Each structure stands twice: as structure tokens, then as C-alpha cells.
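Asker: This is the structure I have questions about; it appears just below.
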Amino acid sequence: GQSLEQPSEVTAVEGAIVQINCTYQTSGFYGLSWYQQHDGGAPTFLSYNALDGLEETGRFSSFLSRSDSYGYLLLQELQMKDSASYFCAADTYNQGGKLIFGQGTELSVKP
Amino acid sequence: DTAVSQTPKYLVTQMGNDKSIKCEQNLGHDTMYWYKQDSKKFLKIMFSYNNKELIINETVPNRFSPKSPDKAHLNLHINSLELGDSAVYFCASSQQGASDEKLFFGSGTQLSVL
């Protein structure tokens, strides 16, 4: 089957760096996306990796290794507002293309 | 202006009723989706339409019927609602062929079946 695994929860303190890992098992893999969702809100796009390596966008970076079927989201200089759920999602080209989401990682940032 | 808007925001109804959720996007995207998010926050795709044509239909009961009158709208009609249908339903859109495969989500419809 197709699946993505990520930790269910992570806790960190303000100003720290946290890494959220994601391993995937999918067929027809195109790339890996990351989404952020605050409680009661909609998922919002953070980043997309189609190629191996690191993509940096401000305090957030995302990494992909296709050979290891692995990626991670790195959040630096954590702020309280970063407390949210973070989802990795595999972009696949089977059946017309669809995003398959992981179960989400709930990040709690403490003062 | 809201990019992807869906209504209603909250829907509380009795078992056995029929209800609809509407979705509109003003981004000019080709593709629209319905996702279901359960109480454990698992996001699962239900349907995908590209230019009004159904391209993804996951294992969803026949009670769920999407309708796309044009590429800017994708509505979801649910017949004979069951307790297990309680969830948050998200509409989303994307531009086919975009390099980042970015989905834009609506604000969600929280459906509670009593």
C-alpha cells in the first residue's frame, strides 16, 4: 500500500530548532510536500521537494532523499505561533495524480 | 478575496438527512478536490476533478456525490448521512502542471451528524 510515516508529536522550546521526519512508501512518486495546519484552520502549503537536497524558505527548510524514501522539515528559531500540525504529503502520478498525506505531527512550542 | 471558499463552515444534522457543501475557487485552477479529515486529523482524498471531469474517485460510499458545474466549482452532496460521516471536509484546488503541486485549501466544513 501507499503510506507515509511521521512522528505523532514533537515538543520544543522557543528559539530552538526542530526536525520533523517523514518516510514514505508510494508508487509513482513525484515529490514531497509539507503543509502546516493550525487548530481549526485549513492546511497551508509550506514547501515542495521534487529533487534531492535542501530547499530553504526563511526559517523553514525541507529536505528530500529519494534513494532513502525520506524527507524532513526543519524549523529554526521556533516561535510560539509555530505550534501547529505539520503534514508531509507525497505527490504521486498514479490515477491522475494525487497527494497522499501522512498522519501529521503535532508540534508544541513551549516558552 | 478568499481564494477557495466553501460553505457552510459548520453543518449539524440528523442521521438520514441529505446535505450539500459548496466550494468555489477564484484562482483559475484546473483541478479541484474534496478531502476528508477525521478526528485523528488524517487527511484523505475523496474526489478530484480536472476541468469538470472526474479523475480520482477513492473508495467512498455511493452516498457521496460530487458535482462540478464548471471548473471553478465543486460541490459535494451527501445522502442518508451516517454518524461516521462526522468529520471536517476540505475543498482544495491546484493548477495542473505547476512545478510545486501546491494545493490551496478552503477553510473547511465541520460536519456533525447526530
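Asker: In region B:83-106, what residues are under 18 Å from B:Lys40 (Cα atoms) and either among the β-branched types (Val, Ile, Thr) or touching a strand residue (DSSP E or B) at 6+ places or on another chain (Cβ under 7 Å) (or both)?
Answerer: Correct list: B:Leu83, B:Asp85, B:Ser86, B:Ala87, B:Val88, B:Tyr89, B:Phe90.
Asker: Check off (1) within 13 Å of chain B (Cβ to nearest Cβ); (2) aliphatic (A, V, I, L, M); (3) surrounded by fewer than 18 Cβ atoms within 10 Å (Cβ to Cβ) for A:Ala84 and give me the number that stays unchecked.
Answerer: Status for A:Ala84: all satisfied but (3).
Asker: Which residue is nearest to A:Arg66 (Cα to Cα), if the candidates are limited to region A:3-45 and must be crowded, with 17+ Cβ neighbours inside 10 Å and without any contact (Cβ under 8 Å) to a residue 40 or more places away in the chain?
Answerer: A:Phe45
Asker: Given the residues B:Ser48, B:Ser65, B:Ser112, which is the only one that is among the polar types (S, T, N, Q) and either touching a Gly at 6+ places or on another chain (Cβ under 7 Å) or over 17 Å from B:Leu11 (Cβ atoms) (or both)?
Answerer: B:Ser48
Condition check ((1) surrounded by fewer than 15 Cβ atoms within 10 Å (Cβ to Cβ); (2) small (Gly, Ala, Ser); (3) within 14 Å of chain A (Cβ to nearest Cβ)) across all residues:
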residue	(1), (2), (3)
B:Thr2	yes, no, yes
B:Gln6	no, no, yes
B:Thr13	no, no, no
B:Gly16	yes, yes, no
B:Gln37	no, no, yes
B:Ser48	no, yes, yes
B:Leu54	yes, no, yes
B:Thr59	yes, no, yes
B:Leu76	no, no, no
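Asker: Against the conditions (1) in contact (Cβ under 8 Å) with a residue 40 or more places away in the chain; (2) part of a strand (DSSP E or B); (3) not basic (Lys, Arg), where does A:Glu55 fall short? Just the number, please.
Answerer: With respect to (1) in contact (Cβ under 8 Å) with a residue 40 or more places away in the chain; (2) part of a strand (DSSP E or B); (3) not basic (Lys, Arg), A:Glu55 is out only on (1).
Asker: Taking A:Thr105, is it buried (at least 20 other Cβ atoms within 10 Å of the Cβ), modelled with pLDDT of 95 or more and under 15 Å from the mean Cα position of the chain (by Cα)?
Answerer: yes
Asker: Output the number of the condition that A:Glu106 fails; it satisfies all remaining conditions of (1) in a loop (DSSP other than H, G, I, E, B); (2) within 14 Å of chain B (Cβ to nearest Cβ).
Answerer: With (1) in a loop (DSSP other than H, G, I, E, B); (2) within 14 Å of chain B (Cβ to nearest Cβ) applied to A:Glu106, the lone miss is (1).
Asker: With A:Gly31, A:Gly40 as the choices, which residue is within 11 Å of chain B (Cβ to nearest Cβ), closer than 24 Å to B:Phe105 by Cβ and not in a strand (DSSP E or B)?
Answerer: Criteria check complete, one pass: A:Gly40.
Asker: Next question. If you check B:Leu43, B:Leu54, B:Leu27, which single one turns out to be more than 14 Å from the chain's Cα centre (by Cα) and either free of Cβ contacts under 8 Å to residues at least 60 places away in the same chain or farther than 19 Å from B:Ala87 by Cα (or both)?
Answerer: Result of the check over B:Leu43, B:Leu54, B:Leu27: B:Leu27.
Asker: Please specify each residue of region B:80-97 satisfying the condition of being touching a residue at least 60 places away in the same chain (Cβ under 8 Å), of a type in the set (A, V, I, L, M) and within 14 Å of chain A (Cβ to nearest Cβ).
Answerer: B:Ala92 - this is the single residue of region B:80-97 that is touching a residue at least 60 places away in the same chain (Cβ under 8 Å), of a type in the set (A, V, I, L, M) and within 14 Å of chain A (Cβ to nearest Cβ).
The values are calculated or read from the model by the stated rules, or taken from the named source; none is laboratory data. Note that the structure is predicted; figures quoted are calculated from it, not measured. Don't worry about glycine lacking a Cβ; one is built from the backbone with ideal geometry, like all the others, and counts go over all protein chains shown.
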